Amino acid sequence: MPGTADDDLEDLYENAPCGYLSLGPDGRIVRSNQTLSGWLGLAPEQLRGKRLRDLLSIAGQIFYETHFAPLLRMQGFFDEVALDLVRADGKPLHVLANAAERRDAEGELLFTRVTLFRATERRRYERELVDATETAQAESRLSRGQLLAEHETAELREQFIAVLGHDLRNPLAAIDGGTNLLMREPQSEKSQRVIGLIRGSVLRMSGLIDNVMDFARGRLGGGLQLNRSSKPLALTLEQVVGELQTSYPERRIELNVDPAAQLAADHARLAQMFSNLLANAITHGAIDQPVRVDAVLGPGELQLAVVNAGPAIPPAAMQQLFQPFYRSNPHSRVQGLGLGLYIASQIAEAHGGRLDVTSDATETRFTFRMPLSDGPA
């Protein structure tokens, strides 16, 4: 005889193609399904009473308690968090976790639902993609010693990219979410300044992660994708200037652009390129002199120049400015990965333009030139 609706629902829960967990208000497992038990090699009664952190590796436990658990408490949910569970035989189980709290009318926590999806194939694909790239590069090397050194460097960079591009987005989202919550409440003037500094740091970190992920896309396939639209160039530049002015209130930035000039381009990418150039000028320019930005839509061409006073760039450094991971002074107190100017040059090329630099004792000038098919609007 066909089963009842309750039987069907029970079977759907127990044998779903994903793992289910229900956590009590104390964070301990009160129920789990057979799918998860099969993955872990642990019976439901063996899981009952444990905490989610008990199923993670040591490193995963630390990361969960310092990042994901606070994020769950702060906003009541998290989505697609990469976790490594430990099976009964000690082997890792790679999963993506989603969690959501359920509260009563008074706001008291009733339970937390957690859904787990196996991510083994996804990580295998990512690893195979990296391996294929490294293999293709390795075949072109003539020296075994050079091959070994470059392989180690590439592996370190790929691991570094993975950490920045994925794992750091989660705690950064928690920080951003926390500042957004604080901004909705009355704050003292001092607290407002501190929140502004935190948001400025979040902005810089987001830009850093974007640069790293763009580098990964360019090197591992796909390249930079453009989404063109026509809008005033001034709006794009003014937004970037406003964001950086918040982070560097003591610096003067002079923006010269026609407010009515329309430009057909990927304005998000142009903003990213301009932000990298402007931040570079602020960082390396003379602090007692303004940074000047001149944007001119002439006949058939856009010229966008970012100019700062200060010491000239050495000739040897000029040859490598647009190379990835290059820093003119690795021991400088100014922190960075050496990707900003590289990404800026890639965005310029994607628009069919180019990025040039001149530097002497008077000024350093980065100029972006982009052809306009129909001239300025």
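Using the Cα gyration tensor of the stretch 216-316, with a ≥ b ≥ c the square roots of its eigenvalues, what is the shape: rounded (a/c below 1.5), prolate (a/b larger than b/c) or oblate (neither)? Walk me through the numbers before you get to the answer.
Numbers: a/c = 1.72, a/b = 1.24, b/c = 1.38.
Because a/c hits 1.5 or more and a/b fails to exceed b/c, the stretch 216-316 counts as oblate.
In units of 2.2 N^0.38 Å, what is the alpha-carbon radius of gyration of the stretch 1-85? Write down the numbers at each step before the final one.
On the way: Rg = 14.7 Å, N = 85, 2.2 N^0.38 = 11.9 Å.
Ratio of Cα Rg to 2.2 N^0.38 Å: 1.24.
Give me the net charge of VAL291's neighbourhood, meaning all other residues with Cβ under 10 Å from the Cβ of VAL291; Lys, Arg count +1, Asp, Glu -1. Mind showing how you got there, number by number?
On the way: positive: ARG251, ARG252, ARG292; negative: GLU254.
Charge balance in the 10 Å sphere: +2.
List every residue whose amide H lies under 5 Å from the amide H of LEU263, counting only residues 5 or more places away in sequence or on a different chain, with H placed 1.01 Å from N in the peptide plane.
LYS231, LEU233
At 0.36 nm per residue, and after removing the present C-alpha to C-alpha distance, how many nm does the segment from ARG169 to HIS94 gain when stretched out fully? Display every interim value, and only then the final one.
On the way: separation 75, 0.36 × 75 = 27.00 nm, distance 1.84 nm.
Contour length minus the Cα-Cα distance gives 25.2 nm.
Compute the FRET efficiency between GLN320 and LEU181 as 1/(1 + (r/R0)^6), taking r as their Cβ-Cβ distance and R0 = 41 Å, and round to the nearest 0.05.
On the way: r = 44 Å, r/R0 = 1.06.
With R0 = 41 Å, the Cβ-Cβ based efficiency is 0.40.
Under the Karplus relation 6.51 cos²θ - 1.76 cosθ + 1.60, θ = phi - 60°, what is the ordered set of whole-Hz ³J(HN,Hα) values for the stretch 237-253, x standing for Gly and Pro?
Ordered by residue, 3J(HN,Hα) equals 5, 5, 5, 5, 4, x, 5, 6, 5, 5, 7, 10, x, 7, 9, 9, 10 Hz.
Tell me, in nm to one decimal, what length is gained between ALA361 and THR133 on full extension, where the rule is 0.36 nm per residue of separation less the Cα-Cα distance? Please list the in-between numbers first.
Values: separation 228, 0.36 × 228 = 82.08 nm, distance 4.25 nm.
Using 0.36 nm per residue and subtracting the Cα-Cα distance, I get 77.8 nm.
Between beta-carbons, use under 11 Å as the cut-off and find the net charge around ARG369, counting Lys and Arg +1, Asp and Glu -1.
Numbers: positive: ARG354; negative: GLU301, ASP356.
That sum, taken over residues with Cβ under 11 Å, equals -1.
Read-outs: derived from the displayed coordinates by stated rules, not from any lab. Just so it is clear, the structure is predicted and the values come from calculations on it, not from any experiment. Glycine also receives a Cβ, built like all others from the backbone with ideal geometry; neighbour counts cover every protein chain displayed.
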